[in-house]
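To start, the structure under review is shown below, and the notes come after it.
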């Protein structure tokens, strides 16, 4: 974990005169995925701190430190020396530069084949044996990814998986696909897919709130598999 190089943003003034910002003016903090933020950086001058965070997807708290999680915005509620309170906006930005980005597919599982084609156009390719069971789209962006839409059911009209594959020929982008996923989805541990190790993520910090599971694994390139998820105790 790297200590955050955090950007502090001061409170807005009603007048136009520029005034020097003091630590107590800090109203916003910007940090990157996997940074850490110590509360004395944000609210200096006190001895003891406690902090809570509104959205646990954006970070988790251990004593006076926030371990920064997925990209997005949330609020930190800080109490110093048990009586001094402060709310600070936290904005988590990607660690990966733009040159490694590609557009995340929509995770709307209600779409059928017709809806996917209406949104994305005719697929680049189809499976020869069962052409309605899989639509493949080539994404010509920073990462040269292929995105596969798999359909099931009797009429192959139920969307049941979206697979992002970065071919082995694009090693530079493929090796950071795991970080791309981790910056966007809370991590829930490791498992196996056959004999292949997989890293498991969900689209919410609590299982009960998630409706998509994401598996990252390396097999015939680098892969992120998105499937519908339903929590069961």
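We did not get these values from a lab; they are worked out from the coordinates using the rules stated. Since the structure is predicted, the reported quantities are computational estimates derived from the model, not experimental observations. When we count neighbours, we look across all protein chains shown, and the Cβ atoms used for this are built from the backbone with ideal geometry, even at glycine.
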**Report entry** Gained length - residue 178 relative to residue 136, 0.36 nm times residue gap less alpha-carbon distance
**Finding:** 13.0 nm
Query raised in the report: How much mean residue ellipticity at 222 nm does the chain get from its helices, if each DSSP H run of length 4 or more adds -39500 (n - 2.57) and you divide by all residues, to the nearest 500 deg cm²/dmol?
Result: -2000 deg cm²/dmol
Report task. State, to one decimal in nm, how far the label point of residue 169 lies from the label point of residue 109, with both points 7 Å from Cα in the Cβ direction. Result -> 3.4 nm
Report summary line: DSSP beta bridges in the chain: the antiparallel percent, rounded to 5, is 90 percent
Query raised in the report: If you take the square roots of the eigenvalues of the alpha-carbon gyration tensor of region 147-210 and sort them as a ≥ b ≥ c, do you get rounded (a/c under 1.5), prolate (a/b over b/c) or oblate?
Result: oblate
**Report entry** Length-normalised contact order for the chain - Cα pairs under 8 Å, 6+ apart - percent
**Finding:** 13 percent
Report task. Between residue 87 and residue 187, take the C-beta separation as r, use R0 = 25 Å, and let me know the FRET efficiency to the nearest 0.05. Result -> 0.40
**Report entry** Directionally averaged projected area (convex hull, Cα atoms, region 98-228), nm²
**Finding:** 8.6 nm²
Report task. At 0.36 nm per residue, minus the direct Cα-Cα distance, what do residue 54 and residue 125 gain on full extension? Give it in nm, one decimal, please. Result -> 21.3 nm
Query raised in the report: For region 43-171, what class follows from the C-alpha gyration tensor (a ≥ b ≥ c being the square roots of its eigenvalues): rounded when a/c is under 1.5, otherwise prolate if a/b is larger than b/c, else oblate?
Result: prolate
Query raised in the report: Roughly speaking, what is the stretch gain from residue 211 to residue 154, that is 0.36 nm per residue apart minus the C-alpha to C-alpha distance, in nm to one decimal?
Result: 18.2 nm
